[in-house]
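The values are calculated or read from the model by the stated rules, or taken from the named source; none is laboratory data. No experiment lies behind these values; they were computed from the predicted model shown. All Cβ positions, even for glycine, are placed from backbone atoms using ideal geometry, and neighbour counts span all protein chains on display. Ligands, DNA and RNA are excluded from the accessible area calculation, which covers all protein heavy atoms including side chains. Shrake-Rupley method; radii C 1.70, N 1.55, O 1.52, S 1.80 Å.
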Amino acid sequence: MKNFKIGDKITRVPLIQGGMGVGISLGRLAGSVAKAGGVGIISTAQIGYREEDFDRNPAAANERAIASEMKKARGISRDGIIGYNIMVALKEYASHVKAAVKAGADIIISGAGLPTELPELVKGSQTKIAPIVSTDKSAKVILKYWERKYKRTADLVVIEGPQAGGHLGFHKEELEKYTEESYGEEIQKIITTVKSYAEKYQTEIPVIVAGGICDREDVRKADALGADGIQVATRFITTEECDANIRYKQAHLKAKESDIAIVKSPVGMPGRAIMNKFMTRVMNGEQIPHSPCHGCLVKCSPKEIPYCITDGLINAVKGNIDDGLLFCGAKAWRADRLETVSEVINDLF
């Protein structure tokens, strides 16, 4: 793999650190990855959970934290490539994108839905944009839509596969259907689609493969499929620079392969997480009491949900593991020690 460009900046390693909310990938992790030569990504999902007014005014708290976490990241890596992961499913999606642009994002990576309005929201800025897609069908839909409505294309595309962590862009039946070989064929179809748009616009659109990338062999496979780079998230959880509580990291280090399961999000999407006391209660059909709504996701009815995803993720990042939602990738169980960001990158390449 060669290093790829984002705007006028070029990576020193062809790697993006995946965005992990709530509070897992903030300024310290993103800045450290950027300093090491990759692309550091801050997740905006409930990013302001540590702000004093988060319970009273989560929208303002999140916007403030979007700016402060970029400032923290830039303090670590002044000239590195730093951006944001912003989920389309967020109620405050548009304001998060605008705040990210104002903060100086090099790139915004957007999934959990199709980012149909993203080009308009970054218009007039230097911020580059990248949709996350999981199938060739979704790649064709978003690229065709951007071309028709905005007369432009993506600056980069992330392909997130079925072994990824957190919310997944597949129905449960699709997760059971895909094998490594059959999804490899899907990746190649997406690459062909993206390259056709790159040719049409006489530009380069790096295609980045994500989901279950854990070691050098996984990188080699992505390279063989024709990817321009990789996105890695879970592997960075067990680094010293990760912004999560040490107990959250230890939960990943202790996890066995049998502990990792496909779980149901309160908003109906499948996700991947480490089974713990909290998720066992959920899977057994228990209704978990929750805090007043913090207005995170569009498709959420507080009176009907089995548990609050904001509560679960905040408990997890703060180290309250028994009451937390521990999102992870399929190979989280392979982590066996705390590492530094540089050690992870050196091991992958």
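For this structure, a couple of remarks:
- Hey, LYS256 basic (Lys, Arg) and either surrounded by fewer than 18 Cβ atoms within 10 Å (Cβ to Cβ) or farther than 17 Å from TRP333 by Cα (or both) or not: yes
- Taken over segment 178-217, residues that are in contact (Cβ under 8 Å) with a residue 60 or more places away in the chain and either within 12 Å of VAL158 (Cα to Cα) or acidic (Asp, Glu) (or both) amount to 6.
- Residue match in segment 18-35 (condition: without any contact (Cβ under 8 Å) to a residue 40 or more places away in the chain and in a loop (DSSP other than H, G, I, E, B)): no
- Within segment 147-160, considering residues that are without any contact (Cβ under 8 Å) to a residue 60 or more places away in the chain and buried (at least 23 other Cβ atoms within 10 Å of the Cβ), the one nearest to THR234 (Cα to Cα): VAL157
- Taken over segment 280-314, the criterion of being part of a helix (DSSP H, G or I) and either over 19 Å from TYR49 (Cβ atoms) or at pLDDT 95 or above (or both) is satisfied by THR280, ARG281, VAL282, MET283.
- Of all residues in segment 36-45, those satisfying the criterion of being touching a residue at least 60 places away in the same chain (Cβ under 8 Å) and either surrounded by fewer than 24 Cβ atoms within 10 Å (Cβ to Cβ) or among the hydrophobic types (A, V, I, L, M, F, W, C) (or both) are ALA36, GLY37, VAL39, ILE41, ALA45.
- Odd one out for THR192, checked against (1) under 30 Å from LYS299 (Cα atoms); (2) in a helix (DSSP H, G or I); (3) of a type in the set (S, T, N, Q): (1)
- From ILE274, ILE288, residue being closer than 30 Å to ALA36 by Cβ and either without any contact (Cβ under 8 Å) to a residue 60 or more places away in the chain or touching a Pro at 6+ places or on another chain (Cβ under 6 Å) (or both): ILE274
- Note on segment 65-93: residues that are within 23 Å of PRO119 (Cα to Cα), open to solvent by 40 Å² or more (accessible area, probe 1.4 Å) and assigned to a helix (DSSP H, G or I) amount to 1.
- The one condition in (1) in a helix (DSSP H, G or I); (2) touching a residue at least 24 places away in the same chain (Cβ under 8 Å); (3) open to solvent by less than 50 Å² (accessible area, probe 1.4 Å) that TRP333 fails to fulfil: (3)
- Evaluation of ALA261 against the conditions (1) under 17 Å from ALA335 (Cα atoms); (2) crowded, with 19+ Cβ neighbours inside 10 Å; (3) over 18 Å from the mean Cα position of the chain (by Cα) shows that the sole unmet condition is (2).
- Within segment 94-141, the set of residues being basic (Lys, Arg) and either buried (at least 18 other Cβ atoms within 10 Å of the Cβ) or in contact (Cβ under 8 Å) with a residue 24 or more places away in the chain (or both) comprises LYS102, LYS128, LYS140.
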